[in-house]
Amino acid sequence: MELIFEKSTEGRKGFAFGASDVPVRAQVPAPYARKEDAPLPQVSELDVVRHYTRLSQKNFSIDTHFYPLGSCTMKYNPKFTESLSRLSGFTDLHPLLAQLSGGERWTQGALEVLYELEQWMCAMTGFKHFTMQPLAGAHGELTGIMLMAAYHKHKNNARKKYVIIPDSAHGTNPASAAIAGYETISIPSNKEGGMDLEALKAAVNEETAGLMMTVPSTYGVFEPNITEIAKIIHGVDGIMYYDGANLNAVLGRCRPGDLGFDVMHINTHKTFTTPHGGGGPGAGPVGVNEKLAKFLPISRVIKRGDGTFALDYNYTDTIGYIASFYGNFGLLVRAYAYILMLGKEGLLETANHAVLNANYIMKKLAPYYKLCFDRICMHESVFSASKQAERGVHAIDIAKFLIDEQIHPPTVYFPISVPEAIMIEPTETESKQTMDYYIGKMVEADKLSQENPAAFKEFPKTMPISRPDEVKAARDVKTSYFLVTSSDAS
Ligand SMILES: *Cc1c(COP(=O)(O)O)cnc(C)c1O
């Protein structure tokens, strides 16, 4: 496909700016001002619209394709939450309005959304308080670990040095612990995908600051020994952190706050809609029990006796600000709308369907692909393409095959502890028909791997680019057309 620059025709215009009513370049100091016009593509409106529409159609998106990416829940943006988040009563609010004298009354609706969402999250998870401020799951983790650090500091416990993390954890867990100043200890998983209790006991001592756990884990497995694990960690005054990225699998079924956890984050973009992917904005509200409540970031939203809402900054032990203003507010509106739409019964159905759908795919594919753990899974299942790899067809080849079949590939090569991993998560929102289409294509891939393994090397055939050097494509991106044409025309 041609670049927009290659479609440029000298003198063609799609848009004309009105004459400037301020002195041109008046504000730009000479060393920084352009000496000549920027070499922008010269194209008509139709050229632009067609180019970018076509480009967008080459992309895989939730609105166009099935997305069974594991460790990446939701993948669904209902249009009604989109439109509610665009209500001008929300979008036109100035973020400082609530702090201006008399401004509070204009922000009551927005503050109520934040307050009510907190109540719902507490009810769903069994925690006492939530902050809506963190801007992503990983940011929620960092906030949670900072609360953990504040707790130990408040107790003058300088010996706390380590955060314990199972080997199945998402990479952001050790990263968050490290950014907060802790060293990490990795605990191996046992044959059932749970935590090895003996290894845990051997690792825990007075220097243990806490433990981070994802439940259900990235293997799609529920940890049966949580109570025992919490006892071990609390025995040395450690903090139990719950990574809630997979909350959809247990929503309405069990509450992390009741299981012995002290702090958790929710990925609104995984459990409660809100756009996801491409590194887009997220929100990672963090919930805590009373132990950590006084350290929560500011501001907090409070409800007064007369039913009005206000921002409260008056917390002496707070870890302070972790985001500008009130977090990613538009995403919180979407999450709130989705929760209200589902209601208590709908939230429970979420977990039922997420687990049912994941097990449906797991059972149907088990005769063809090697299952990592042969037990009922939660929200996702992990396979290994080891049988296919013996025929010369690897997980990446199967992913490329699926692209030609109009399916976004599942997660491959993660978790890293599983060779040739294929991790599949349909989520609760996909229909049986869609999953059957996907299952059919996975079975077809297995059959083709037996009949004609060489065919896989050519997939995908329908995309503008087939097999880029993936490391180079990720690490050495050249986004400048002029750079590429002038120095590296090849
Ligand atoms: C996605 C995910 C995270 C990180 O969340 P972001 O919102 O992407 O920062 C953390 N832990 C697990 C288990 C996840 O799946």
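Every number here is computed from the coordinates shown, using simple stated rules; none is lab data. It should be emphasised that the depicted structure is a prediction, and the values quoted were computed from it without experimental measurement. Here the Cβ positions follow ideal geometry from the backbone for every residue, glycine too, while neighbour counts run over all protein chains shown.
Take the Cα of L97, go 7 Å toward its beta carbon, and the backbone nitrogen atoms of the stretch 297-331 under 15 Å from that spot belong to 309-311, 326, 329-330. Overall form of the chain: oblate. Here a/c, set by the Cα gyration tensor axes a ≥ b ≥ c, is 1.5 or more, and a/b is not larger than b/c.
Sorting M378, M132 from the fewest to the most surrounding beta carbons within 10 angstrom yields M378, M132. The modelled label-to-label distance between E390 and S431, using points 7 Å beyond Cα along the C-beta direction, is 3.9 nm. Length gained on full extension, I376 to Q27: 119.1 nm, using 0.36 nm per residue less the C-alpha separation. For the pair Y52 and K294, the difference between a 0.36 nm per residue extended length and the Cα-Cα distance amounts to 82.2 nm.
Assuming R0 = 22 Å, can you tell me the calculated FRET efficiency for the pair L348 and D63, based on Cβ-Cβ distance, to the nearest 0.05?
Details: r = 27 Å, r/R0 = 1.24.
Calculated transfer efficiency: 0.20.
Calculate for the chain the 222 nm mean residue ellipticity that helices alone would give, adding -39,500 (n - 2.57) per DSSP H run of length 4 or more and normalising by residue count, nearest 500 deg cm²/dmol.
Working: 17 runs with 183 residues, N = 490.
When only DSSP H runs of four or more count, the value is -11000 deg cm²/dmol.
Please identify the helices of the chain, taking whole runs of DSSP H, that span at least 18 Å along their own axis as judged from the Cα atoms and have a mean Kyte-Doolittle score of -1.0 or higher. Please list the in-between numbers first.
Numbers: long enough: 45-58 (20 Å, -0.96); 108-125 (25 Å, 0.26); 137-154 (25 Å, 0.06); 329-365 (40 Å, 0.56); 432-451 (28 Å, -0.95).
Helix filter hits for the chain: 45-58, 108-125, 137-154, 329-365, 432-451.
Take the alpha carbon gyration tensor of the stretch 31-100, find the square roots of its eigenvalues, order them as a ≥ b ≥ c, and report rounded if a/c is under 1.5; if not, report prolate when a/b exceeds b/c, else oblate. Show your work: numbers first, answer last.
Numbers: a/c = 2.22, a/b = 1.15, b/c = 1.93.
The shape class here is oblate.
Here the residues D374, D397, ranked from fewest to most Cβ neighbours within 10 Å of their Cβ, fall in the order D374, D397. Fully extending the segment from K161 to T316, taken as 0.36 nm per residue of separation minus the present Cα-Cα distance, adds 53.3 nm. Counting every other Cβ atom within 10 Å of each residue's Cβ, Y360, Y313 order from fewest to most as Y313, Y360. Suppose R0 equals 35 Å; then what is the FRET efficiency for A473 and K13 from their Cβ-Cβ distance, rounded to the nearest 0.05? Once rounded, the FRET efficiency stands at 0.55. Can you classify the stretch 224-330 as rounded, prolate or oblate using the Cα gyration tensor, where a ≥ b ≥ c are the square roots of its eigenvalues, rounded means a/c under 1.5, and otherwise it's prolate if a/b beats b/c and oblate if not? It is oblate, given that a/c is not under 1.5 and a/b is not larger than b/c.
Where the centre of each part is set by its Cα atoms, how far does the stretch 152-226 sit from the stretch 1-32, in angstrom? Here the two parts' Cα centres lie 54 Å apart.
Please give the FRET efficiency for R105 paired with S83, using the beta carbon to beta carbon distance and R0 = 22 Å, rounded to the nearest 0.05.
On the way: r = 25 Å, r/R0 = 1.14.
That pair, R105 with S83, gives E of 0.30.
Could you work out Rg/(2.2 N^0.38 Å) for the stretch 316-369, with Rg from alpha carbons only? Could the numbers behind the result be given before it?
Details: Rg = 19.0 Å, N = 54, 2.2 N^0.38 = 10.0 Å.
Cα Rg divided by the expected 2.2 N^0.38 Å: 1.90.
Straight Cα distances below 23 angstrom link K35 to the lysines K13, with same-chain residues fewer than 8 positions distant left out. Pairs exceeding a 28 Å alpha-carbon distance, out of K191/K363; K58/K270; K447/K472; K128/K270: K447/K472.
Among the listed pairs K231/K294; K160/K201; K155/K294, which have their C-alpha atoms separated by more than 19 angstrom in this model? Don't skip to the end; give the middle numbers.
Working: K231/K294 23 Å; K160/K201 16 Å; K155/K294 13 Å.
Checking Cα-Cα distances, K231/K294 exceed 19 Å.
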